[in-house]
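Asker: Dropping a structure here in structure tokens format, bear with me for questions.
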Ligand SMILES: [Zn+2]
């Protein structure tokens, strides 16, 4: 073989090789091209190199150098191509499927009990009430004693109250906030105290061991039962409807005297009687009364000088009658399909 023929074969490979490398569009195709060009067994370069021994001795040096240069050029181009194929695979990712349903933007919803609490607070805020909070773990003095519960009151029984220790309970109502507020702030006091309370109860359609309560308290000089009636009637007209009828029924609580429960005309049957109002035409919405002088004294106030009134309502019960919720347990399920109905 002549040197000219050997070099011509190398030139042919140096020209064809890069075009074949550039055409490889996958790692498999690239691997095939590499074997065909520079593979040790059957590569085109190896074939040409096999002819080296047939050249004249003085030509071998030049032929060898040219072959080496072509080999390096091909290997450089191969490496570049391999990197490009790998980079393209890394950035393209999985195929884009335009028929996939989109991801829905997530909107949370306000729990119906929170909706009621927010609305009650808003109505009383317009009347100058502020929000006060207290601890859920209370001493039995704040939960019972300061609120004029006699020492043998059945509410203090283990049967009804969750005790954390000898003297500590999970508060059974939000009324301890009354005493804590009066100890801290001199009258005039106008507060709302929303919060969770605990009873030793099992879940059923109308009971839960933990539920929200909203307490209201007004203490000042010259506060009368007429203020209680007027304010709570105003609240009912704002919360339900301006024409909602209300009534007060005598009741009893240890911490108020006199005490009254407030009913509103049933919103479902407008007072004619239905299953929701148990055919009475009325739905009870809160308990209220004039703050007992013993409670004012327990908080360190002069009960000859100051009077006050208070109320407590259960926003869960209000939400149930307002939204027609059939079972109180639904309020504790955290089922978004239920909660989403109340989105504002
Ligand atoms: Zn009714």
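Nothing in this text is a laboratory measurement; each read-out follows from the coordinates by a stated rule. Since the structure is predicted, the reported quantities are computational estimates derived from the model, not experimental observations. Here the Cβ is made from the backbone with ideal geometry for all residues, glycine too, and neighbour counts use every protein chain on show.
Asker: P(r) for the chain: what percent of alpha-carbon pairs falls in each 20 Å bin, starting at zero?
Answerer: 23, 32, 7, 10, 16, 10, 1
Asker: Between residue 225 and residue 210, what is the label-point separation in nm under the 7 Å Cα-to-beta-carbon projection?
Answerer: A separation of 3.8 nm, rounded to one decimal place.
Asker: Next up: For the chain, take the longest principal axis of its alpha carbons; what is the angle in degrees between that and the long axis of helix 27-38, to the nearest 10 within 0 to 90?
Answerer: 20 degrees
Asker: Could you work out the relative contact order of segment 251-344? I mean the mean sequence separation of Cα pairs under 8 Å and 6+ apart, divided by the number of residues, in percent.
Answerer: Rounded, it is 21 percent for segment 251-344.
Asker: Compute the angle between helix 60-92 and the longest alpha-carbon principal axis of the chain, please, reported from 0 to 90 degrees and rounded to the nearest 10.
Answerer: 20 degrees
Asker: Please compute the length gained on full extension between residue 119 and residue 95, using 0.36 nm multiplied by the number of residues separating them and subtracting their Cα-Cα distance.
Answerer: 3.6 nm
Asker: For segment 30-69, what is the convex hull volume of the alpha-carbon atoms per residue, in Å³?
Answerer: Expressed per residue, the convex hull around the Cα atoms of segment 30-69 is 53 Å³.
Asker: OK, next. Treat the count of other C-beta atoms within 10 Å as a stand-in for reagent exposure and order 337, 245 from fewest to most.
Answerer: Result, fewest neighbours first: 337, 245.
Asker: Rounded to whole Å, give me the distance from the Cα center of segment 243-322 to that of segment 30-62.
Answerer: 103 Å
Asker: How much length would be gained if the chain were fully extended between residue 61 and residue 80, taking 0.36 nm per residue of separation minus their Cα-Cα distance, in nm to one decimal?
Answerer: Values: separation 19, 0.36 × 19 = 6.84 nm, distance 2.89 nm.
Computed gain between residue 61 and residue 80 is 4.0 nm.
Asker: Taking springs between alpha-carbon atoms closer than 10 angstrom, which of 319, 226, 22 fluctuates most in the Gaussian network model of the chain?
Answerer: 22
Asker: Based on the Kirkwood radius over alpha-carbon pairs, what is the Stokes-Einstein translational diffusion coefficient of segment 202-344 at 37 °C with 0.692 mPa s viscosity, in µm²/s? Present the calculation step by step, with values, prior to reporting the outcome.
Answerer: Numbers: Rh = 16.8 Å.
Estimated diffusion coefficient is 195 µm²/s.
Asker: Just to be sure I understand: with springs between alpha-carbon atoms less than 10 Å apart, which residue in 184, 65, 168 has the highest mean-square fluctuation in the Gaussian network model of the chain?
Answerer: Answer for the Gaussian network model of the chain: 65.
Asker: Based on other C-beta atoms within 10 Å, arrange 61, 81 from fewest to most.
Answerer: With the sparsest Cβ surroundings first, the list reads 61, 81.
Asker: Here's a follow-up. Using label points projected 7 Å from each Cα along Cα→Cβ, tell me how many nm separate residue 303 and residue 19, to one decimal.
Answerer: 10.9 nm
Asker: Using the alpha-carbon centroid of each, what span in Å lies between segment 104-178 and segment 190-205?
Answerer: So the two Cα centres are separated by 6 Å.
Asker: Of the peptides 123-130, 100-107, how do they stack up when ordered by the mean number of other Cβ atoms within 10 Å, highest first? Can you show the working numbers first?
Answerer: Values: 123-130: 14.6, 100-107: 6.0.
My ranking of the peptides, most packed first, is 123-130, 100-107.
Asker: May I ask you to sort 269, 277 by Cβ crowding, counting other Cβ atoms within 10 Å and putting the fewest first? List each step's numbers first, then the result.
Answerer: On the way: 269 15, 277 21.
If I rank by nearby Cβ atoms, fewest first, I get 269, 277.
Asker: Additional query: Restricting to the chain, what percent of DSSP beta bridges are antiparallel, rounded to 5?
Answerer: In the chain, DSSP labels about 95 percent of beta bridges as antiparallel.
Asker: Multiply the residue gap between residue 40 and residue 203 by 0.36 nm, knock off their C-alpha separation, and tell me the result in nm, one decimal place. Don't skip to the end; give the middle numbers.
Answerer: Details: separation 163, 0.36 × 163 = 58.68 nm, distance 8.02 nm.
Here the answer is 50.7 nm.
Asker: Name the most mobile residue of 247, 305, 66, meaning the one with the largest mean-square fluctuation, in a Gaussian network model of the chain with Cα contacts below 10 Å.
Answerer: 66
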